[in-house]
Ligand SMILES: Nc1ncnc2c1ncn2[C@@H]1O[C@H](COP(=O)(O)OP(=O)(O)OP(=O)(O)O)[C@@H](O)[C@H]1O
Ligand SMILES: [Mg+2]
């Protein structure tokens with residue numbers, strides 16, 4: 001994978017080609033997507049909207065190599081990842097993809113700082129460099145005074161900010177966020193979203209952010225709408 005080539009726009013950072021996703025439901029088949037196509041370039045921030053059940057999470061899980069499509073191809077930096085084995089997919093996830101879940105999924109027994117250091121050390125960064133990066137990210141999101149707090153000692157908004165820092169820690173090519181502020185009250189959600197967008201722009205990342213909130217989606221560079229298995233630019 002060539003991060004430099006992608007950053008200069010040679011290939012989209014992420015491309016989904018002719019994706020279908022079918023789930024067996026008793027004797028019936030539920031078709032979530034039929035021939036879905038999508039691509040995103042370096043530095044773009046895309047809002048992904050659609051009603052509950054339209055397939056936003058399924059789409060992000062397929063794009064993030066957490067699930068396989070029924071048919072179709074997922075290119076990360078120009079490389080088709082669908083048929084790679086689990087080890088290779090894990091490696092690509094680790095280096096090229098940042099994932100933020102609706103509920104933070106932080107490790108409760110580790111501090112905020114350790115939660116952001118850990119993915120970097122797994123990727124081979126030294127403890128010293130990982131600490132510098134983790135502190136800088138957490139400080140940018142206003143958590144400079146919360147570094148030693150464990151997730152249960154943080155508010156919901158603070159926990160989501162830590163999860164954002166963790167997803168950004170390894171400087172991924174593309175960030176995928178599944179309603180990252182969906183479980184926060186409207187005021188906190190807006191504040192975290194605003195800081196989140198600034199940080200993504202600051203880092204020059206590509207991001208796909210699923211949200212129910214159209215106002216938030218309108219603040220992004222592009223908005224795509226998922227309806228009846230079809231993805232439309234809006
Ligand atoms: N493992 C599964 N088995 C069967 N059906 C599934 C499975 N996962 C998702 N689905 C179905 O696929 C459709 C899309 O679900 P998905 O979770 O992607 O929607 P969503 O847009 O993220 O919804 P929400 O806004 O509520 O989070 C839904 O109809 C859901 O019931
Ligand atoms: Mg969802």
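Among the residues of the stretch 55-89, those identified as out of contact with any strand residue (DSSP E or B) (no Cβ under 9 Å at 6 or more places or on another chain) and either within 16 Å of ligand 2 (Cβ to nearest atom) or part of a helix (DSSP H, G or I) (or both) are 86, 87, 88, 89.
What about residue 96, is it more than 16 Å from ligand 1 (Cβ to nearest atom) and in contact with a helix residue (DSSP H, G or I) (Cβ under 6 Å, 6 or more places away or on another chain)? The answer is no for residue 96.
Of the listed requirements (1) surrounded by fewer than 19 Cβ atoms within 10 Å (Cβ to Cβ); (2) in contact with a strand residue (DSSP E or B) (Cβ under 8 Å, 6 or more places away or on another chain); (3) modelled with pLDDT of 95 or more, residue 108 misses just one: (2). For the stretch 19-58, filtering for residues that are in contact (Cβ under 8 Å) with a residue 40 or more places away in the chain and within 17 Å of residue 231 (Cβ to Cβ) leaves 26. Take the conditions without any contact (Cβ under 8 Å) to a residue 40 or more places away in the chain, closer than 19 Å to residue 17 by Cβ and more than 16 Å from ligand 1 (Cβ to nearest atom) and apply them to residue 84. Does it pass? Here the answer is yes, as residue 84 does meet what is asked.
Out of all the residues in the stretch 38-58, which are farther than 15 Å from residue 98 by Cα and within 8 Å of ligand 1 (Cβ to nearest atom)? I'd like the intermediate steps shown before the answer.
Of all residues in the stretch 38-58, those farther than 15 Å from residue 98 by Cα come to 38-39, 41, 47-56, 58.
50, 51, 52, 53, 54, 55, 56, 58 - these are the residues of the stretch 38-58 that are farther than 15 Å from residue 98 by Cα and within 8 Å of ligand 1 (Cβ to nearest atom).
For the stretch 90-107, check the following and say yes or no: at least one residue is touching a residue at least 40 places away in the same chain (Cβ under 8 Å), over 21 Å from residue 208 (Cα atoms) and assigned to a loop (DSSP other than H, G, I, E, B). Yes, there is a match, as at least one residue in the stretch 90-107 is touching a residue at least 40 places away in the same chain (Cβ under 8 Å), over 21 Å from residue 208 (Cα atoms) and assigned to a loop (DSSP other than H, G, I, E, B). Filtered by the rule that a residue be crowded, with 23+ Cβ neighbours inside 10 Å and within 16 Å of ligand 1 (Cβ to nearest atom), the stretch 161-215 gives 176, 177, 180, 181, 208, 209, 210, 211. Residues that are buried (at least 19 other Cβ atoms within 10 Å of the Cβ) and either within 12 Å of ligand 1 (Cβ to nearest atom) or outside any strand (DSSP E or B) (or both) do not occur anywhere in the stretch 22-30. Which residues, taken from the stretch 39-54, are assigned to a loop (DSSP other than H, G, I, E, B) and either at pLDDT 95 or above or closer than 19 Å to residue 220 by Cα (or both)? 41, 42, 43, 44, 50, 51, listed by residue number.
For the stretch 110-207, the helices (runs of 4 or more DSSP H) that sit wholly inside it and include 1 or more residues that are in contact (Cβ under 8 Å) with a residue 12 or more places away in the chain and within 17 Å of residue 93 (Cα to Cα) are 112-122, 156-168.
The values are calculated or read from the model by the stated rules, or taken from the named source; none is laboratory data. What you are looking at is a predicted structure, and each value in this text was computed from that prediction instead of being measured. Reconstructed Cβ throughout: ideal geometry from the backbone, glycine too, with neighbour counts over all protein chains shown.
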